Amino acid sequence: MIPLVHDFTDETVLVFGGGPVGARKARRFDREAEVLVVSPDFVDRSFGFASLVRAAPGPDAVADWLERTEPALVVAATDDESINETVADAARARGVLVNRADQAGGRDAGSVVVPATVREGPVVVSVSTGGQAPALSKHLRQELETTLAGADEMAAVCADLRATLKSRDVPPSRRRKLVDDVASSSEIWTALRSGATNRRQVIEDVLGDDPSTGGGAA
């Protein structure tokens, strides 16, 4: 399986199943997509901003739901394996990506695994074990939460620095070197995390220290 980053803006994610797993899946996608959850019952848990429809669709009705909602992704999260299989079959028949929450290991073409994800602003890092070791994915996600602290601010620093260097006609190879040096600097990471410095100050320091940027003495 190949990891991809998918833009769900204005897309629909259709979830079948109103249990704890369906609720978790709904919360996972409700920040990026329009989420619709179809189930005869719903547990007393948060489904985020998802729309809930109380229904128990059979095989024919599942295909009808896909026809009407045109989802970018279908999630089969019921506690009935046969229903999940029906959902997966209907999704594959329409060429729609499908995530089966009750399946681990070998998967059919078009299947999607939802990875454990850490998000710091525009920086997104995901870990997947192919559905075989969710506990390991969870552990690694927790480790990454510490490692990525401050990554959102570092990303903004790098973006602003690149734009500033380009506006000063600094050669591409030199731009890459300066941005790489900032991104790999443990001192700058520490200063950003602690609030000892800010984005503007980091950029001013780089420009002032390097003659090639037009900010220092020749």
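Of the residues 140, 165, 36, which exhibits the maximal mean-square fluctuation in a Gaussian network model of the chain defined by a 10 Å Cα contact cut-off?
Comparing 140, 165, 36 in the GNM, the peak value goes to 165.
Quick one: net charge of residue 123's neighbours, Cβ under 13 Å, K/R +1, D/E -1? Mind dumping the intermediate values first?
Values: positive: 119; negative: 120, 145, 152, 153.
Spelling it out: positives minus negatives among the neighbours equals -3.
First measure r as the distance between the Cβ atoms of residue 2 and residue 190, then evaluate 1/(1 + (r/R0)^6) with R0 = 30 Å and state the FRET efficiency to the nearest 0.05.
On the way: r = 35 Å, r/R0 = 1.16.
In this case the efficiency is close to 0.30.
Which residue, 163, 33, 61, has the most motion in a Gaussian network model of the chain that connects Cα atoms within less than 10 Å?
163
Connecting C-alpha atoms closer than 10 Å in a GNM of the chain, tell me which of 99, 84, 198 has the biggest fluctuation.
Greatest mean-square fluctuation among the candidates belongs to 198.
Per residue, how much space in cubic angstrom lies within the convex hull of the C-alpha atoms of the chain? Could the numbers behind the result be given before it?
Working: hull volume 33.5 nm³, N = 218.
It comes to 154 Å³ per residue, whole-number rounded.
In segment 1-71, which GluC sites (Glu not before Pro) fall in coil by DSSP and have 16 or fewer other Cβ atoms within 10 Å?
Working: sites: 11, 32, 34, 67; in loops: 11, 32.
Within segment 1-71, the qualifying GluC sites (Glu not before Pro) (loop, at most 16 other Cβ atoms within 10 Å) are 11, 32.
Please list 203, 188 from largest to smallest accessible area, probe radius 1.4 Å, with all protein chains kept in place.
Working: 203 0, 188 35 Å².
Reading off the accessible areas and sorting them downward yields 188, 203.
Please compute the net charge surrounding residue 51, taking Lys and Arg as +1 and Asp and Glu as -1 over other residues with Cβ under 12 Å from its Cβ. Write down the numbers at each step before the final one.
Numbers: positive: 54; negative: 30, 34.
Once positives and negatives cancel, what remains is -1.
Around residue 18, which amide H atoms from residues at least 5 apart in sequence, or from another chain, sit under 5 Å from its own amide H, with H modelled in the peptide plane?
The answer is 41.
Dipole magnitude of the chain about its Cα centre, charges +1 at Lys/Arg Cβ and -1 at Asp/Glu Cβ only, in debye to the nearest 20? If you can, show how the numbers build up before the last one.
Values: 25 positive and 33 negative charges, 108 e Å.
In total the dipole reaches around 520 debye.
If contacts are Cα pairs under 8 angstrom and at least 6 residues apart, what is the relative contact order of the chain in percent? Working shown, then result.
Working: 318 pairs, mean separation 25.8, N = 218.
12 percent.
Quick one: Cα centre-to-centre distance for segment 122-157 and segment 166-215, in angstrom?
First find each Cα centre; the distance between them is then 25 Å.
The values are calculated or read from the model by the stated rules, or taken from the named source; none is laboratory data. Computed from a predicted structure; not experimentally measured. Virtual Cβ from ideal backbone geometry, glycine too; neighbours counted across all protein chains shown. When the accessible area is computed, the model is the full protein with side chains, heavy atoms only, and any ligands, DNA or RNA have been set aside. Shrake-Rupley method; radii C 1.70, N 1.55, O 1.52, S 1.80 Å.
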